[in-house]
Each structure stands twice: as structure tokens, then as C-alpha cells.
Amino acid sequence: MTASKSPYYPMVKHHLKLDICELFIFKNFVIAEFKEGSCIGYPDFWEAHELIKKYFGNNQFGFITNRINSYAIEVTDANIFNDTFKNLKVFATVTYNGTTRKIAELENHFFKIQRSFFSNLTDAIIYVKYHLD
């Protein structure tokens, strides 16, 4: 389920459509939905990075990647991602099939903050909100 069709959409503060993804900014977390076939390295993520910094500043926040599409992360850029968001407190990944989950679990080994995995957006949001409150 896309964030825009979820029951949580009315709580979105800002819905931003970028070249590589859509960002749904909530009070203290963000949902990212990356475009089909994207290969996301840090330079590709720069615009999203700037907007996330703009809305959360130095405040702790949560990040949910809602993997409704198939895409890849350049794990060679993991250290840059790790150093960028020192105020990232909780990270959740929503996957909708076994293959996508296995890819996300593999990517997880390259990042400092451990991701939790969910099969639906609602459970991911509940988890993130719990860890931020």
C-alpha cells in the first residue's frame, strides 16, 4: 500500500515528489517510496537529504522505506549515509515479497542503524512511533 492511500495520509505534513522518490513528512518521521528500478547512491539521495534535514533539523526522527517498487541501494555509499543522519533514531523497512525482503536484509549489513522489517505499512508506523515517543 502506498502512503498516499493509507489511513495515515491525513497526518502527512508535507508530500514531496522528487526525481528518485516521494517523501511523506510526518511530525517526527518520514516515509520514502523510491521509484521502480532506481539505483540509489548518495549523490542521487542529495535532494531528499536536504529536505529531511530541513524538516527535522537536529531533532531525532524515524525513517520508513516503503518498498512498493523494486530498487537497489549502492551499499558502497553506506558509510556516507551512516554519517549523514546522526539524529536518525529508528529505521523500518516495509517489504511486500520474500525477494525484496532478502535484498533489504542483505543491505542492512552495511548500515550502522539496524532496520526492522515489516510486511505492511501500518505495523512499521506503529513501531516507529513507539520508538520515538
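No lab work stands behind these numbers, since they all come straight from the coordinates. What you see is a predicted model; the values in this text were computed from it and never measured. Methodologically, a virtual Cβ is constructed for each residue, glycine included, from the backbone with ideal geometry; neighbour enumeration extends over all protein chains shown.
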Query raised in the report: Where does each of Ile25, Ile126, Ile52 land when they are ranked from fewest to most other beta-carbon atoms within 10 angstrom?
Result: Ile126, Ile25, Ile52
Query raised in the report: In debye to the nearest 20, how big a dipole does the chain give about its Cα centre with +1 on each Lys and Arg Cβ and -1 on each Asp and Glu Cβ?
Result: 460 debye
Query - Structure-based [θ]222 nm, the chain - -39500 (n - 2.57) summed over DSSP H runs of at least 4, per residue, nearest 500 - result: -10500 deg cm²/dmol
Requested in this report: For region 10-24, just list the computed ³J(HN,Hα) in residue order, Karplus coefficients 6.51, -1.76 and 1.60, θ = phi - 60°, integers in Hz, with x standing in for Gly and Pro.
Outcome: x, 8, 5, 7, 9, 10, 10, 9, 10, 4, 9, 6, 10, 10, 10
Query - Amide H within-cut-off set for Ala72, under 5 Å, with H built and near neighbours excluded - result: Ser38, Cys39, Ile40
Report summary line: Net charge near Asn108 (other residues with Cβ under 13 Å of its Cβ; Lys, Arg +1; Asp, Glu -1) is +3
Requested in this report: Neighbouring Cβ atoms within 10 Å as the yardstick, rank Leu106, Leu23 fewest first.
Outcome: Leu106, Leu23
Report summary line: Between the residues Phe24, Asn87, Ile103, the Cα farthest towards the positive end of the dipole of region 18-133, that dipole coming from +1 and -1 charges on the beta-carbon of Lys, Arg, Asp and Glu, is from Asn87
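Can you sort Leu88, Leu132 from fewest to most other Cβ atoms within 10 Å of each residue's own Cβ?
Numbers: Leu88 20, Leu132 16.
So the ranking, lowest neighbour count to highest, is Leu132, Leu88.
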Requested in this report: Note the count of lysine pairs whose C-alpha atoms are less than 16 angstrom apart in region 2-60, limited to pairs 8 or more residues apart or on different chains.
Outcome: 9
